[in-house]
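The values are calculated or read from the model by the stated rules, or taken from the named source; none is laboratory data. A quick note: this is a predicted structure, and the numbers were derived from the prediction, not measured. Note that we place each Cβ from the backbone using ideal geometry, even for glycine, and neighbour counts take in every protein chain shown.
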Amino acid sequence: MTTSKKNIVMREKDMQKVSAQQKVVQALVKVGVYAFLLVMALIVLFPFYWMLISSVKTLEEYRMSVPTFWPQKIMLSNYVEAFTTANLGRLFLNTLYVGLVSTLLSLVITILCAFAFARLEFKGKETLFGLMLATMMIPGELFTITNYQTVTQLGWLNTFTVLIVPFLVSVFYIYLLKQNFMQIPNELYLAAKVDGTSDIKYLCKVMIPLALPTLISITILKMMGAWNSYIWPRLVANDAEHRLITNGLRNAFTETTGDVNYPVQMAAVAIVSAPLFLVFIFLRKYIMAGVSRSGIKG
Amino acid sequence: MVDNKQQWKAWLYLSPAIILLLVFTVWPIINTLRMAFLEGYSAQAEVGGATFEFGIGNFLKVIEYKKFLQCMQNTILLCVLTVPISTLLALLIAVALNSIKGLQKILQTIFFLPYVTNSIAIGMVFAAMFNIVGSFHGTENEIIQTAGIINNVIEFFGGERVNWINAGSQYWANITVMVVYIVWNALPFKILVLLGGLQSINAQYYDAAKVDGTSRSRVFARITVPLLSPMLAYVIITGFIGGFKEYTSIVGIFGETMGPPDAPGRLNTMVGFVYEALENKHQGRASAAALILFVIILIVTRLNMRFGKKSVYY
């Protein structure tokens with residue numbers, strides 16, 4: 001009797017010991033997880049921090065052999081200098097113009113196309129859609145070689161047209177919007193038909209409002225694309241009048257190694273990055289939704 | 001029953017997209033094939049009335065070209081290094097993020113930040129961090145003003161400063177900088193996709209494992225990774241496709257010289273090669289190189305998918 005009672009007591013003690021041990025292990029794991037995440041977050045953030053503090057340092061301070069992690073004197077004049085050396089104002093307006101016009105036209109084309117694929121019946125629909133999806137596999141460089149010739153022959157070099165027209169159709173956006181349109185019940189369309197509503201009116205009144213989140217995602221990604229595009233603009237419109245922001249930035253600061261005036265360069269980089277961050281802060285939801293489905297940058 | 005009015009309307013709505021696709025997508029595909037198989041093709045010469053013979057000379061020239069092999073080596077090296085590193089890191093971060101409650105939203109936002117950047121602009125920031133400032137040309141008796149923050153950190157921990165990207169730097173140092181930058185850039189997308197996948201795994205699996213007293217590492221290897229395998233396959237495939245098209249991140253750090261000042265072109269990639277050939281008006285060669293790139297991407301994607309089929313659990 002007594003021994004068995006003793007056994008039970010001991011077992012309970014053991015159990016308590018084990019659960020206490022588990023708790024310690026769990027706490028340690030938790031600390032480890034947080035430590036790992038915080039260290040990684042610091043590494044991810046560091047370049048942004050370095051950009052910002054470097055952009056307000058004086059050249060002398062930036063060049064001190066022992067770096068300062070907080071500027072001794074805040075030089076906002078670096079930003080003024082960056083803005084004028086790189087002619088950023090002009091670049092901003094150019095990029096904004098190209099971004100807005102191409103987004104608008106692209107939206108119209110995409111909506112019409114997605115509507116046809118989602119709502120209308122026509123011969124060869126599936127084949128056509130399949131062929132369009134297949135073109136997504138081909139790397140863009142393959143198109144660029146011929147497109148460069150085409151736009152040269154059309155006399156489009158160094159115009160805004162050349163920056164807008166070749167990229168108006170994105171099969172991916174058509175696909176995205178088509179999927180979204182298909183979720184809207186067909187009965188609504190048939191009812192509208194019975195009432196004699198025109199397609200365009202139905203699109204504007206029903207489809208577009210219901211697919212608004214997707215359309216916003218497309219708009220943001222398209223604008224970011226214009227902001228970040230580099231290769232094509234450099235190839236076809238590298239004159240001062242039509243140059244876009246990324247290109248202009250790289251052109252204004254060609255020196256990457258050796259004796260570089262970094263504070264001014266970092267100020268320019270900060271100015272160029274700022275709109276992207278603002279968009280991100282306010283419209284994060286839409287960007288993430290679009291990105292997780294695309295796997296493409298910009 | 002397809003009524004005629006709908007047919008007519010559908011093609012009307014599709015017409016803007018189809019016309020643009022024909023001009024800027026379909027024609028380029030045909031024309032690239034044509035240019036690639038015409039010996040020594042040049043568009044300028046063709047306008048002048050020259051004719052070209054059919055042949056595979058462009059491909060042979062590209063493959064024999066030493067510069068192309070260097071570009072291919074760089075591209076493959078960067079792919080092979082950055083895809084596993086970034087995938088593994090993203091997986092660890094995603095799993096860690098998924099296991100916490102406090103700070104999850106803010107950390108998630110921080111990890112996504114590199115995505116919304118301009119790869120040229122932030123490349124310049126990385127260049128600044130690795131750059132040795134001064135009249136530094138990779139020879140003796142230099143006037144070094146600052147060795148750059150990365151070197152400062154290395155020296156703080158007792159290491160020796162490295163010439164990362166300046167004149168006289170070593171190839172491996174250049175590649176290291178590129179790997180760091182590309183991984184930093186590739187993390188957000190992978191974390192986003194993997195975290196989304198983790199959050200959709202049914203909690204019952206984990207509860208069952210808990211009841212059975214399964215160890216953490218076993219849960220990770222036997223539940224998390226298999227159920228996450230479609231997402232892992234997805235980020236690996238897109239990672240390889242992106243990796244083979246690497247170009248702008250190198251321009252961001254090294255500028256258009258694609259290498260340190262004393263070794264221009266040393267870090268050029270396959271895409272860079274295509275553009276260089278295009279700028280030198282060797283359209284035939286550029287087309288051949290672009291087709292080779294396309295075929296490599298196809299093969300790698302196929303291999304990934306075949307390998308994936310064996311290990312992906314849907």
Exercise for review: Restricting attention to the stretch B:159-184, report how many residues are modelled with pLDDT of 90 or more and either surrounded by fewer than 24 Cβ atoms within 10 Å (Cβ to Cβ) or more than 10 Å from chain A (Cβ to nearest Cβ) (or both).
Suggested key: 14
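Is the stretch A:65-80 home to any residue that is in a helix (DSSP H, G or I), touching a residue at least 12 places away in the same chain (Cβ under 8 Å), more than 14 Å from chain B (Cβ to nearest Cβ) and among the basic types (Lys, Arg)?
Looking for residues that are in a helix (DSSP H, G or I), touching a residue at least 12 places away in the same chain (Cβ under 8 Å), more than 14 Å from chain B (Cβ to nearest Cβ) and among the basic types (Lys, Arg), one finds none in the stretch A:65-80, hence no.
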Review point. So which of A:THR214, A:THR146 is surrounded by 21 or more Cβ atoms within 10 Å (Cβ to Cβ) and out of contact with any Pro (no Cβ under 6 Å at 6 or more places or on another chain)?
Key: A:THR214
Exercise for review: Test A:PRO47 against the criterion of being farther than 30 Å from B:ALA90 by Cα, out of contact with any Cys (no Cβ under 8 Å at 6 or more places or on another chain) and within 10 Å of chain B (Cβ to nearest Cβ), and give yes or no.
Suggested key: no
Revision key, fill the gap. Of the residues in the stretch B:1-28, those that are loosely packed, with under 14 Cβ neighbours inside 10 Å and facing another protein chain (nearest Cβ under 7 Å) come to B:VAL2
Check your understanding: Of the residues B:LYS210, B:LYS309, B:LYS245, which is under 25 Å from the mean Cα position of the chain (by Cα) and at pLDDT below 85?
Key -> B:LYS309
Review point. Are there any pairs with C-beta distances below 9 angstrom linking a residue in the stretch B:282-293 that is under 18 Å from B:VAL47 (Cβ atoms) and at the interface with chain A (Cβ under 7 Å from one of its Cβ atoms) to a residue that is of a type in the set (Phe, Trp, Tyr) and not in a helix (DSSP H, G or I), with the two at least 6 apart or on different chains, and if so which?
Key: B:GLN283/B:TYR41; B:SER287/B:PHE37; B:SER287/B:TYR41
Practice item. Give the residue that is modelled with the highest pLDDT, with candidates limited to residues of the stretch A:62-80 that are crowded, with 17+ Cβ neighbours inside 10 Å and not aromatic (Phe, Trp, Tyr). Key: A:ASN78
Practice item. Tally the residues that are under 31 Å from the mean Cα position of the chain (by Cα), buried (at least 17 other Cβ atoms within 10 Å of the Cβ) and in a helix (DSSP H, G or I), restricting the search to the stretch A:34-61. Key: 11
Check your understanding: Restricting attention to the stretch A:93-106, does a residue exist that is free of Cβ contacts under 8 Å to residues at least 12 places away in the same chain and over 20 Å from A:GLY248 (Cα atoms)?
Key -> yes
Check your understanding: Does A:PHE277 fit the bill of being without any contact (Cβ under 8 Å) to a residue 60 or more places away in the chain and within 7 Å of chain B (Cβ to nearest Cβ)?
Key -> yes
Check your understanding: Do you know which of the residues in the stretch A:146-161 that are among the aromatic types (Phe, Trp, Tyr) and more than 7 Å from chain B (Cβ to nearest Cβ) is farthest from B:SER287 (Cα to Cα)?
Key -> A:PHE160
Exercise for review: Among the helices (runs of 4 or more DSSP H) lying completely within the stretch B:184-255, list those that include at least 2 residues that are within 28 Å of A:LEU142 (Cβ to Cβ).
Suggested key: B:225-244, B:248-254
**Study point:** Residue in the stretch B:289-306 that is crowded, with 21+ Cβ neighbours inside 10 Å, among the aromatic types (Phe, Trp, Tyr) and part of a helix (DSSP H, G or I) present
**Key:** no
Practice item. For the stretch B:149-158, name all the residues that are exposed (fewer than 15 other Cβ atoms within 10 Å of the Cβ) and of a type in the set (Val, Ile, Thr). Key: B:VAL153
**Study point:** Test for A:ALA20: is it modelled with pLDDT of 95 or more and part of a helix (DSSP H, G or I)
**Key:** no
Check your understanding: Quick check: is even one residue across the stretch A:128-135 under 30 Å from B:ALA288 (Cβ atoms), at pLDDT below 90, buried (at least 21 other Cβ atoms within 10 Å of the Cβ) and assigned by TED's automatic domain parsing to the domain that holds A:THR246?
Key -> no
Practice item. Considering every residue within the stretch B:271-280, establish whether at least one is more than 21 Å from the chain's Cα centre (by Cα), touching a residue at least 12 places away in the same chain (Cβ under 8 Å) and over 23 Å from B:ILE182 (Cα atoms). Key: no
Practice item. Among the residues of the stretch A:252-274, write down those that are in contact (Cβ under 8 Å) with a residue 24 or more places away in the chain and at the interface with chain B (Cβ under 10 Å from one of its Cβ atoms). Key: A:PHE253, A:ASN261, A:TYR262, A:PRO263, A:GLN265, A:MET266, A:ALA268, A:VAL269, A:ALA270, A:ILE271, A:VAL272, A:SER273
Revision key, fill the gap. Subset of the stretch A:90-134, residues facing chain B (nearest Cβ under 10 Å), assigned to a helix (DSSP H, G or I) and charged (D, E, K, R), comes to A:ARG119, A:LYS125
Check your understanding: Can you tell me which residues in the stretch B:250-275 are in contact with a Gly (Cβ under 6 Å, 6 or more places away or on another chain) and buried (at least 24 other Cβ atoms within 10 Å of the Cβ)?
Key -> B:GLY252, B:ILE253, B:LEU267
Review point. Given B:LEU81, B:LEU89, which one is within 8 Å of chain A (Cβ to nearest Cβ), of a type in the set (A, V, I, L, M, F, W, C) and buried (at least 17 other Cβ atoms within 10 Å of the Cβ)?
Key: B:LEU89
Review point. When you look at A:TYR189, is it crowded, with 18+ Cβ neighbours inside 10 Å, over 22 Å from the mean Cα position of the chain (by Cα), at the interface with another protein chain (Cβ under 8 Å from one of its Cβ atoms) and in contact (Cβ under 8 Å) with a residue 60 or more places away in the chain, yes or no?
Key: no
Check your understanding: Wholly within the stretch B:1-117, which helices (runs of 4 or more DSSP H) include no fewer than the required count, namely at least 2 residues that are of a type in the set (S, T, N, Q)?
Key -> B:4-21, B:27-36, B:66-99, B:104-112
